Every structure is written in structure tokens, then in C-alpha cells.
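Participant: One structure, as C-alpha cells, below. Some questions next.
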Amino acid sequence: METTMSTAADSATTGGHEAPRIAINMDGHRETAPRNAAKARAEGLSFHYGAHRALKDINLEIPERMVTALIGPSGCGKSTFLRCFNRMHDLTPNTRYDGAIHFYPDDFNLVAKDVDPIEVRMRIGMVFQKPNPFPKSIFENVAYGLRLRGVSNRALLEEQVEAALRSAALWEEAKDRLQASALTLSGGQQQRLCIARALATRPEILLFDEPTSALDPIATAKIEELIAQLRDQVTVLIVTHNMQQAARVSDFTAFMYLGELVEVGDTSRIFTNPSKKATEDYITGRYG
Amino acid sequence: MATPALPSNDLQTVRRDVASRKVRDQLFVVVGLLALFACLFSLLVLFSKLVMDGSDRFTWEFVSSFPSRRAAQAGILAAWVGSSLVMLVTACTAVPVGVMAAIYLEEYAPKNWFTGVIEINVTNLAGVPSIVYGLLALGLFVYKFDLGQSIVTAGLTLALLILPVVIVATRESLRSVPRAIREAAYGLGATRWEVTKDHVLPYSTGGILTGMILGLSRAIGETAPLITIGALAFIAFLPTPPLTDVAPYVSFTWLTDPFTVMPIQMFNWVSRPDPAFQSNAAAAGAILLGMTLLMNAVAIYIRYRFRKSINW
Ligand SMILES: Nc1ncnc2c1ncn2[C@@H]1O[C@H](COP(=O)(O)OP(=O)(O)O)[C@@H](O)[C@H]1O
Ligand SMILES: [Mg+2]
């Protein structure tokens, strides 16, 4: 199994998951593996909506503090795959996960029945396709995740909200209107607010599902720049139907087709020298 | 057989065609306006007739007097106080119970045949004739629980009556909170209850309040179920005041006091032979209608305010 598995890090020069995993993260709290070690690994992952099998036996490694992009034609299961990582499918009745997504360094299976989805979502954040800020103040949007974790000290909340807004490149625009409704922000600002909201709880993996598909080109460029910076703090898994975007922001690219993982590798290699015919057809625009 | 030709595209034909179709469009505007005026007009006539008939009774004495055998001295004090207290009991019971039931059905209940049956029944309950609720209350609250022919019995009866309205309005309101907002909250690690109390409920408060007020404005005009449980038509004292000057300063004995309400007071006056009482009835009717319209206005205002602050 181990040998036949395609790993995103296969062509990277540093680390496999044998490398020592003890390192102090920037925030000084969490021990994390060195960059590029496996943060998560899907193994034989299948997913069913009722009788419809939307994911078929997916094997993929997500390297620590790298950006991994998922590309593929519409309906191939990118969102479905992404939403397995934070157990979003548990909200939909009649769905079933088979196989595993191992989560490191703890090494447990994210999609196991006995793992609480709430626990998973507290460690793996998500940014959605359409900006979905709460109709509350900017401050309360970012503070919500911390409040859920029982933080109520005003000074601590303010400090953390500022840090999250800075990480999401929104602080300068928002600092004078923290109490204004989040709905007064522009679309691009709302999406960065959603990123700040997810970052505030210091997730270990941040999932993005086509985060720029509802935004104009300028807002899109800002988000892309932001994602490229985020790789220093958090492991990123991003779904995009925009291949230029994948090329611009990601370190590794995985191509999916009809619920299967066709190919994965260094982004530069996938776009210049794909090894599978289907990948080549897709990136040269022959379908999709 | 030759296929019929398509209408020609020349200017003349197109214009003639558009003109004839627009005539039908205008025709509907006329019919629609007529229908609208028919109902507005009858409401207006009704209201102005009540106001005119009762015109000499819109005085402070009328509002602050107990009923009397002499029409000119009779007032609606006991009736409006009774109506207000009954509405208080109704609101305090129907709203929490209805909202909790709606939250369960909408957010928690698994979607299976059993909840399907419950759903259909809740909707159908809204159509049960109100006197049936009166009979139920007579058997249950008056005889079984021994609550007497009291304010609490009346309040609970009307609460049962408007429960379906509250449940249906609340569910619609909860459902209008977009899935994306729920997912955002779940995505941060919120539990079902946290999502409900921090997001879904606050964002649907406008719709819930609107449903509550519409329910109450139906309840305030109900007569049949209250006559069934034995509301008095002639009452010359007020219930025990809810606030007292000795600790603990609140008293609940008013709950078990006998009462009358506005529509019953009206009914009582209408059924008297002396024509002077008719103007009392008309004045009370105008005031009752005014209360209902006011409640509806409040509901509309609340909905407007919430629509303005939250637009998905
Ligand atoms: N809630 C659902 N119920 C049933 N089928 C679904 C549901 N969501 C997605 N699917 C199906 O799963 C497949 C993958 O969908 P999705 O993951 O959304 O694709 P992508 O994000 O790559 O466009 C599609 O065939 C889609 O029709
Ligand atoms: Mg998708």
C-alpha cells in the first residue's frame, strides 16, 4: 500500500514523514512537524451520497505548511473530497465515508465514526465558495471561533482578532470599523474576513473551496497573494477550477476526474509535464 | 399537409400583435384593482360604520368603567384588562413552546415518515375550528386540571389555538437562514445548539416576532372557545393586581381570577334589546379592530427593521 501510493511530496527534496516531528510552531504552543512532512493522508478514501459513489478510493498526501491544489472538471468530486477533511458531510443525511484520512502528528482517522466531527472542525478550518460572514460586527465574526472555545477575556479577544485580521491582510481596512456590520464590507473584504475568522482559532489545515469564484479579478489577486503567504502558518488545501490560480498559488497539484484521483505532483511538473493523458487533456483545455 | 407558416416578422404584424397582447395585460390590471377595491372598500365601510355608531362612546369613562345596566354608564375596563392579561398568558406560553417545537422540527428532527406525519398535522391544526379547542380546554383545563373558568385557562386555550401559527411562522423563519451561514458556524466547531442559539435564532427573530403578533392578533378576537370554557359576560371587578406592595411584590393570583374579554363584552351588548347598547358594542368593536390593526402594524414594522439589518 505504502509503496504504490501517490504522495504529493514525492518529488520534494526535504522530509518524508520519517523526519522528526518535534518543532515549535510560530505561536509557541503547538508542536508541529517540519514543513513538507505529511500533515494528512487520505488512504483508500471513498465517499457515498446515498447510493451515489462520489469519491473512489483516493490516496493522497497533504504536506505540512504547503499549498496543495485540487483541480478537475466540474462535478468530479473536488468539493466532496475537501469537505471530508472537516466532516462537513456529517450535516447531510445518508452519506458514508469509507477508508481513512490520517491526521498527523496525532495519527488518527479524521473520518472514523468514533471521531467527533466537532473536534475535527476545531482543528481544520474552512473557507467557502461564496463569502459567508455572519450578519454581526466584523469583530464578532472573527471572535466567534474563540468564543466557542470559551475565550471571553476582552483583551485577549482583541489581541487575537487583530492578529487574525492582520494575517488575513484586512487589518488596515477594518481597524477603524471593527464594530460595523460585516455585511458592509465588499465581497473581497468579506472573503478575507472569512479567512480571518477561520485563522483566529489557529487551525492546522485550512480548506478553501473555490474561494475566489464569486470575486472580481482584483479581489481575487489579493486572496491569491494571501494564500501564498499563509503557507508559513498553516497547511492549505485549495479547490479551484481555475488552472492559472492553481499554478500561481500551489506547491502541489492533484488532478481529479470522475471521483478519482488521476495524478498528483509538483505544481510545475503537473503543468509542464503531466504523466497522464487525462491530466494533459484537462490542462490544455480539451475538456472541463 | 402543409405546415402552418410562422407569423411574419414585419413591423406592422409585430405591432398589431404586441398591441393586442397589451390590451389583455391592461385588462388584468383593471380586474385586479377591482378585486382589491372590493375588499378594501368593505373593510373601510365596516370600520367607519363602527366608528360612527360608537362615536359618542369614545370617552375616557368608556375605557375606565365597568359594565353597567345603564348603557350610558357601561364601559370596557374589565374587558380590555381581561383581554390584555389573557394575551399575556397566551404569549408567554405559546411563544416558548412554539419556538422550541419549531426548532426541534427544523434543526434537530431526523427527516423520516414520523416527523413527516407530525409536520402535516401541525399545519392542519391551524385549520381546526376554534370551538373545538374550547371543548378540549373545557375537558382538560377546567375539569381535569381544575384550573377553573379563569384567565390561565383562557390564556392556555388561546395558546393552543395559535400554536400552529407560531410553529409554522417560526419554521419558515428558521428555514430562511441560509445553509452557508450554518456551515460557517459548524465549520468553526460549533455544536447544533450553538449554531441555533448564536445564529439561526437571532437571525430569524424578526420572522418569529411577526408570527407571534399575527397569532396574538388572531387570538385577541376569538370568542367561541372562551364562551365554551365559561368566560363571564358581566364582571364588575378587576383581577388581583400582579404587583403588590409587600414582598415578593409580584402575585400570581390573578391567573385564577374570572375574567371577560373584549369580543365577549361586545357580544353581550349586541344581544341586548336596548339600542343604546348597540353603540357601546360598536365603540368596543372599533377599539378591538384598532388593537388588531396596531398589532399588525407592529408586526410589519418589525419585519421591515429586520429585513433592513439582515438581507441575505
Ligand atoms: N448533496 C449531494 N447529494 C447527492 N449528490 C451530490 C451532492 N453534492 C454533490 N453531489 C454529486 O457528487 C459529485 C461531485 O460533486 P462536487 O464534489 O460538488 O464536485 P466539484 O466540486 O468537483 O464540482 C457530483 O456528481 C454531484 O452531482
Ligand atoms: Mg465544487
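Participant: Quick one: B:Pro225 ticks every box in (1) within 14 Å of another protein chain (Cβ to nearest Cβ); (2) in contact with a Leu (Cβ under 8 Å, 6 or more places away or on another chain) bar one, so which box is it?
Facilitator: If we test B:Pro225 against (1) within 14 Å of another protein chain (Cβ to nearest Cβ); (2) in contact with a Leu (Cβ under 8 Å, 6 or more places away or on another chain), just (1) comes out false.
Participant: Given the criterion open to solvent by 20 Å² or more (accessible area, probe 1.4 Å) and either of a type in the set (D, E, K, R) or closer than 30 Å to A:Ser268 by Cβ (or both), identify the matching residue among A:Gly125, A:Gly77, A:Gly99. So that I can check it myself, show each step before the final result.
Facilitator: On the way: A:Gly125 fails: open to solvent by 20 Å² or more (accessible area, probe 1.4 Å); A:Gly77 fails: open to solvent by 20 Å² or more (accessible area, probe 1.4 Å).
Residue meeting the stated conditions: A:Gly99.
Participant: I've got another one for you. Contact list please: Cβ distance under 6 Å, first residue in region A:195-221 and in contact (Cβ under 8 Å) with a residue 12 or more places away in the chain and assigned to a loop (DSSP other than H, G, I, E, B), second residue within 16 Å of ligand 2 (Cβ to nearest atom) and among the hydrophobic types (A, V, I, L, M, F, W, C), pairs at least six apart or on different chains.
Facilitator: Between residues of region A:195-221 that are in contact (Cβ under 8 Å) with a residue 12 or more places away in the chain and assigned to a loop (DSSP other than H, G, I, E, B) and residues that are within 16 Å of ligand 2 (Cβ to nearest atom) and among the hydrophobic types (A, V, I, L, M, F, W, C), the close pairs are A:Glu210/A:Val239; A:Pro211/A:Val127.
Participant: Taking region A:199-226 as the region of interest, how many residues are within 16 Å of ligand 2 (Cβ to nearest atom) and open to solvent by 20 Å² or more (accessible area, probe 1.4 Å)? Steps first, please.
Facilitator: The initial filter retains those residues of region A:199-226 that are within 16 Å of ligand 2 (Cβ to nearest atom), namely A:207-215.
Those left that are additionally open to solvent by 20 Å² or more (accessible area, probe 1.4 Å): A:210, A:213-215.
The qualifying residues number 4.
Participant: Still on this structure: Limited to region B:234-289, what total is found for residues that are in a helix (DSSP H, G or I), of a type in the set (Phe, Trp, Tyr) and open to solvent by less than 40 Å² (accessible area, probe 1.4 Å)?
Facilitator: From region B:234-289, those in a helix (DSSP H, G or I) are B:253-256, B:262-270, B:276-289; that's our starting set.
Among the residues that remain, those that are also of a type in the set (Phe, Trp, Tyr) are: B:254, B:267, B:269, B:277.
Within this subset, residues satisfying the condition of being open to solvent by less than 40 Å² (accessible area, probe 1.4 Å) are B:254, B:269, B:277.
Matching residues across region B:234-289 total 3.
Participant: In addition: Looking at B:Phe66, B:Phe62, B:Phe58, which one is open to solvent by less than 30 Å² (accessible area, probe 1.4 Å) and of a type in the set (Phe, Trp, Tyr)?
Facilitator: Values: B:Phe66 fails: open to solvent by less than 30 Å² (accessible area, probe 1.4 Å); B:Phe58 fails: open to solvent by less than 30 Å² (accessible area, probe 1.4 Å).
The match here is B:Phe62.
Participant: Can you confirm whether region A:128-141 contains a residue that is facing chain B (nearest Cβ under 10 Å), small (Gly, Ala, Ser) and over 21 Å from A:Arg65 (Cα atoms)? Break it down into steps so the answer makes sense when it comes.
Facilitator: Our first condition is that a residue be facing chain B (nearest Cβ under 10 Å); within region A:128-141, this holds for A:128-136, A:140-141.
Next, from what is left, pick out any that are small (Gly, Ala, Ser): none.
Checked against the condition, which is being facing chain B (nearest Cβ under 10 Å), small (Gly, Ala, Ser) and over 21 Å from A:Arg65 (Cα atoms), region A:128-141 yields no hits at all.
Participant: Could you please find all residues in region A:227-265 being aliphatic (A, V, I, L, M), within 13 Å of the chain's Cα centre (by Cα) and away from ligand 2 (no atom under 15 Å from the Cβ)?
Facilitator: Selection gives A:Ile227, A:Ala228, A:Leu230, A:Val234, A:Val236, A:Val249.
Participant: Would you say A:Val120 is within 14 Å of chain B (Cβ to nearest Cβ), more than 27 Å from B:Ile310 (Cβ to Cβ) and of a type in the set (A, V, I, L, M)? Break it down into steps so the answer makes sense when it comes.
Facilitator: Numbers: within 14 Å of chain B (Cβ to nearest Cβ): yes; more than 27 Å from B:Ile310 (Cβ to Cβ): yes; of a type in the set (A, V, I, L, M): yes.
Yes: the conditions hold for A:Val120.
Participant: Just checking, how many residues over region B:160-212 are at negative phi and within 12 Å of chain A (Cβ to nearest Cβ)? Working first, answer last.
Facilitator: First pass over region B:160-212, keeping only residues at negative phi: B:160-188, B:190-212.
Pick out the ones that are also within 12 Å of chain A (Cβ to nearest Cβ) and you get B:177-188, B:190-195, B:197-200, B:202-206.
Residues in region B:160-212 being at negative phi and within 12 Å of chain A (Cβ to nearest Cβ): 27 in total.
Participant: Could you list all residues from region B:129-168 that are over 27 Å from B:Phe237 (Cβ atoms) and not hydrophobic (A, V, I, L, M, F, W, C)?
Facilitator: B:Pro129, B:Ser130, B:Tyr133, B:Gly139, B:Lys144, B:Pro164
Participant: Then there's this: Could you grab the pairs with beta carbons closer than 6 Å, sequence gap of 6+ or different chains, first residue in region A:78-99 and within 11 Å of chain B (Cβ to nearest Cβ) and within 17 Å of A:Ala51 (Cα to Cα), second one open to solvent by 10 Å² or more (accessible area, probe 1.4 Å) and away from ligand 2 (no atom under 16 Å from the Cβ)?
Facilitator: Every condition considered, the pairs that remain are A:Asp90/A:Pro117; A:Asn94/A:Gly50.
Participant: While we're here: With within 16 Å of ligand 1 (Cβ to nearest atom) and among the small types (Gly, Ala, Ser) as the only criterion, which of A:Gly75, A:Gly125 stands out?
Facilitator: Working: A:Gly125 fails: within 16 Å of ligand 1 (Cβ to nearest atom).
Sole residue among the options that is within 16 Å of ligand 1 (Cβ to nearest atom) and among the small types (Gly, Ala, Ser): A:Gly75.
Participant: Hey, can you tell me all the residues within region A:152-168 that are surrounded by fewer than 17 Cβ atoms within 10 Å (Cβ to Cβ) and in contact with a helix residue (DSSP H, G or I) (Cβ under 7 Å, 6 or more places away or on another chain)? First the steps, then the outcome.
Facilitator: Taking region A:152-168 first, the residues surrounded by fewer than 17 Cβ atoms within 10 Å (Cβ to Cβ) are A:152-156, A:158-159, A:166.
Result: no residue meets the conditions.
Participant: I'd like the full set of residues that are assigned to a loop (DSSP other than H, G, I, E, B) and closer than 30 Å to A:Pro135 by Cα, limited to region B:134-176. Before the answer, list the steps.
Facilitator: Here is the first cut: in region B:134-176, the residues assigned to a loop (DSSP other than H, G, I, E, B) are B:145-150, B:176.
Of everything in region B:134-176, just one residue is assigned to a loop (DSSP other than H, G, I, E, B) and closer than 30 Å to A:Pro135 by Cα, namely B:Ser176.
Participant: Before we move on, is A:Ala247 within 16 Å of ligand 1 (Cβ to nearest atom) and part of a helix (DSSP H, G or I)? Quick ask: steps written out before the conclusion?
Facilitator: Working: within 16 Å of ligand 1 (Cβ to nearest atom): no; part of a helix (DSSP H, G or I): yes.
Against the criterion (within 16 Å of ligand 1 (Cβ to nearest atom) and part of a helix (DSSP H, G or I)), A:Ala247 does not qualify.
Participant: Still on this structure: Based on what the data block shows, is B:Ala231 in a helix (DSSP H, G or I) and modelled with pLDDT of 75 or more?
Facilitator: No: the conditions fail for B:Ala231.
Participant: Given the criterion touching a residue at least 40 places away in the same chain (Cβ under 8 Å), buried (at least 16 other Cβ atoms within 10 Å of the Cβ) and at the interface with chain B (Cβ under 9 Å from one of its Cβ atoms), identify the matching residue among A:Tyr144, A:Tyr104. Give the derivation first.
Facilitator: Details: A:Tyr104 fails: at the interface with chain B (Cβ under 9 Å from one of its Cβ atoms).
Answer to the check: A:Tyr144.
Participant: Here are A:Ala155, A:Ala163, A:Ala169: which of them is away from chain B (no Cβ under 12 Å), in a loop (DSSP other than H, G, I, E, B) and farther than 19 Å from A:Phe85 by Cβ? Steps first, please.
Facilitator: Values: A:Ala155 fails: in a loop (DSSP other than H, G, I, E, B); A:Ala163 fails: in a loop (DSSP other than H, G, I, E, B).
Residue meeting the stated conditions: A:Ala169.
The values are calculated or read from the model by the stated rules, or taken from the named source; none is laboratory data. Since the structure is predicted, the reported quantities are computational estimates derived from the model, not experimental observations. All Cβ positions, glycine included, derive from the backbone under ideal geometry; neighbour counts span all protein chains shown. Quick note on the areas: whole protein, heavy atoms, side chains included, nothing else; ligands and nucleic acids left out. Shrake-Rupley method; radii C 1.70, N 1.55, O 1.52, S 1.80 Å.
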